[in-house]
Amino acid sequence: SKVRVYELAKKLGISSKKLISILEELDVDIRNHMSSLEDDMAQLIMDLVSEEKGSKKTKNETPKTPEPPKNTEEVSTKPKIQKVVLPSKISIKDLGSRINIEPVKLIKKLMDFGLMVNINAEIDFESAKKLIKEFGYEAEEEREDELAELEKEEETRPEELKPRPPVVTVMGHVDHGKTTLLDAIRETNVAASEAGGITQHIGASQVEKDGKTIVFIDTPGHEAFTALRARGAKVTDIVVLVVAADDGVMPQTVEAINHAKAAGVPIIVAINKIDKPGANPERVKQQLSEYGLIPEEWGGDTIFVNVSAKNRIGIDTLLEMILLVAEMAELKADYNARASGVIIEAKLDKGRGPVATVLVQKGTLKVGDAIVAGPAYGKVRAMRDSRGRMVKSATPSIPVEVMGFSEVPSAGDVIRVVSSEKEAREIAEKYHEIHKEKENITTPKVSLDRIFDRIKQGEIKELNCIIKADVQGSLEALKLALEKCSTDQVQVKIIHGAVGAINESDILLASASNAIVIGFNVRPDSNAKKLAEQEKVDIRTYRVIYDAVDDIKAAMKGMLEPEF
Ligand code: GDP
């Protein structure tokens with residue numbers, strides 16, 4: 001790992017004398033041309049020399065003619081100042097790759113500050129901050145580690161895993177009968193078990209079928225589903241896709257399919273309104289097969305059930321099929337682990353204070369437990385199930401309304417049981433602190449500018465894209481053109497494509513799936529634009545297909561001109 005001065009000089013094509021003078025300039029302690037150098041020092045010198053040579057070369061080059069302005073319109077949701085989040089200690093090498101600047105340049109700059117370090121040396125946050133400021137970056141200290149430490153999960157114990165009920169979300173195009181179907185399911189169930197029972201709307205409901213439980217999320221539609229997913233919560237095990245038999249596949253049907261697919265959640269199709277005279281279930285099957293949902297009788301593996309939500313036909317079969325798919329998915333949880341779950345919805349109740357519906361995902365939540373959910377903490381004072389009954393405990397998948405929070409948590413927050421209320425408060429306070437800092441950082445989740453770094457670091461192998469276009473023809477053309485940009489390292493994947501303006505649903509999907517949104521002759525509507533800023537989703541709009549292709553290709557090679 002060591003190299004002698006004369007050997008290195010030979011390698012570099014310079015005289016030993018010249019090399020020694022460079023080394024002296026760098027304050028490296030050497031005696032003569034037989035002295036040996038550490039490997040990193042040798043590397044540093046090599047970089048310095050080749051850089052010097054390189055810069056001479058470029059100086060002699062004829063200046064390039066400036067490129068003509070592109071016919072590209074940028075809807076900027078990107079940060080104006082380049083901010084980076086850094087840990088409390090970082091090596092020069094890592095720092096360089098984070099901001100995409102050659103480590104040797106950083107080392108040189110440090111020398112200007114009178115600091116002599118090698119490429120693997122670690123510097124503290126304050127020094128790193130000063131250093132990268134010189135390159136136009138602003139540093140924020142990373143607090144993730146601390147938060148991760150706080151949120152550290154217990155290890156799963158495979159031998160403790162027991163089956164848990166499936167959690168289902170109903171999706172589909174507007175007016176295809178999602179709400180009616182959910183009502184029908186709840187009603188048949190209540191009627192069977194406890195006549196006259198009133199269903200409480202706590203955000204999710206629990207129904208029984210053949211002695212087994214199924215949990216439904218009460219808010220139908222893919223927006224709620226994906227909003228939770230965008231916050232990192234995976235709640236749904238099965239999607240029931242409602243398609244009206246008289247209307248067929250519509251835009252939001254396709255959106256729902258792509259949202260479910262992006263989440264990797266199995267789909268059961270409920271063909272609804274079969275009571276209607278114009279109902280044509282076969283046509284729906286035909287249309288859906290184009291989206292990869294192929295019925296079993298045609299050799300596929302998607303389950304289709306004909307229902308009439310209004311006339312309560314086929315509901316039992318649908319529930320049976322849900323249980324079947326759940327069984328195949330082998331949904332399991334450790335009932336004895338320290339309890340944790342996800343907040344499905346939360347509100348401030350006048351009489352009862354903050355209340356939140358929790359879907360337990362692990363362990364058993366009990367009255368009296370000390371809890372923390374994001375910035376909210378407290379002690380479980382009381383719990384109600386979806387039928388309004390007071391309960392003392394809730395096992396995995398079971399939704400309960402929890403009272404006893406210090407403030408209203410947000411949907412998507414993880415709720416955890418901790419050992420004491422004091423610990424819960426400390427964690428919540430830390431969360432407050434960290435999030436206040438994080439709010440000021442405006443780094444997109446995935447942006448074209450930074451895609452190359454992440455590819456290089458092996459962080460991503462797929463570039464997820466959502467395409468919206470003005471007409472079907474250009475949508476298809478753009479899809480094909482972009483998919484062709486895939487390389488050996490990175491696959492360009494179109495997770496959703498449709499005709500129409502960029503809407504909130506696109507942004508949520510992008511946020512949940514780490515995708516970028518590409519608009520072709522369309523723009524985001526105002527809500528989408530706002531949401532994109534909040535969710536830090538990168539939107540690019542184009543008028544020329546080749547410009548889009550150029551940008552994607554350039555971004556994947558790390559050649560995209562940064563835009564400030
Ligand atoms: P959502 O927007 O998907 O939640 O749809 P809704 O549940 O609000 O239903 C839209 C309309 O379709 C309502 O007028 C329902 O009464 C009607 N509808 C729902 N299911 C059926 C059905 O099975 N048969 C018939 N004929 N109408 C239905």
Report task. Figure the gain on full extension for Met34 and Lys17 (residue separation times 0.36 nm, minus the Cα-Cα span) and round it to one decimal in nm. Result -> 5.0 nm
Report task. With label points built 7 Å along Cα→Cβ from the Cα atoms of Glu426 and Trp298, find their separation and express it in nm. Result -> 5.9 nm
Report summary line: Listed with the fewest Cβ neighbours within 10 Å leading, Phe520, Phe125, Phe113 appear as Phe113, Phe125, Phe520
Query raised in the report: Once a ≥ b ≥ c are taken as the square roots of the eigenvalues of the Cα gyration tensor of the range 205-305, is the result rounded (a/c under 1.5), prolate (a/b larger than b/c) or oblate (a/b not larger than b/c)?
Result: prolate
Query raised in the report: Can you list the HN-Hα couplings for the range 302-318, worked out from phi with the Karplus curve (6.51, -1.76, 1.60; θ = phi - 60°), rounded to whole Hz and with x for Gly and Pro?
Result: 9, 8, 10, 10, 7, 9, 10, 5, 5, 9, 6, 9, x, 5, 4, 4, 4
Query raised in the report: Residues with amide H under 5 Å of Leu241's amide H, sequence separation 5 or more or different chain, H placed in the peptide plane at 1.01 Å from N; which?
Result: Met171, Ile268, Val269, Ala270
Report summary line: Footprinting proxy, Ile30, Ile123, Ile107: sorted fewest to most Cβ within 10 Å, the residues are Ile30, Ile123, Ile107
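Rounded, prolate or oblate for the range 472-511? Axes are the square roots of the Cα gyration tensor eigenvalues, ordered a ≥ b ≥ c, and the cut-off for rounded is a/c under 1.5.
Since a/c reaches 1.5 but b/c is at least a/b, the shape of the range 472-511 is classed as oblate.
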Query - Cα shape, the range 296-339, gyration tensor, a/c 1.5 rule - result: oblate
Report task. Anything over 27 Å Cα to Cα? Flag those among Lys332/Lys461; Lys273/Lys362; Lys212/Lys392; Lys261/Lys430, in the order listed. Result -> Lys332/Lys461; Lys273/Lys362; Lys261/Lys430
Report task. Kindly rank 521-533, 242-254 from highest to lowest mean number of other beta carbons found within 10 Å of each residue. Result -> 242-254, 521-533
Query raised in the report: Which of Phe225, Phe135 comes first, and how do the rest follow, when ranked by fewest Cβ neighbours within 10 Å?
Result: Phe135, Phe225
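Computed from the coordinates by the stated procedures, all read-outs in this text should not be read as laboratory data. Since the structure is predicted, the reported quantities are computational estimates derived from the model, not experimental observations. Cβ sites come from the backbone with ideal geometry, for glycine too, and all protein chains shown count toward neighbours.
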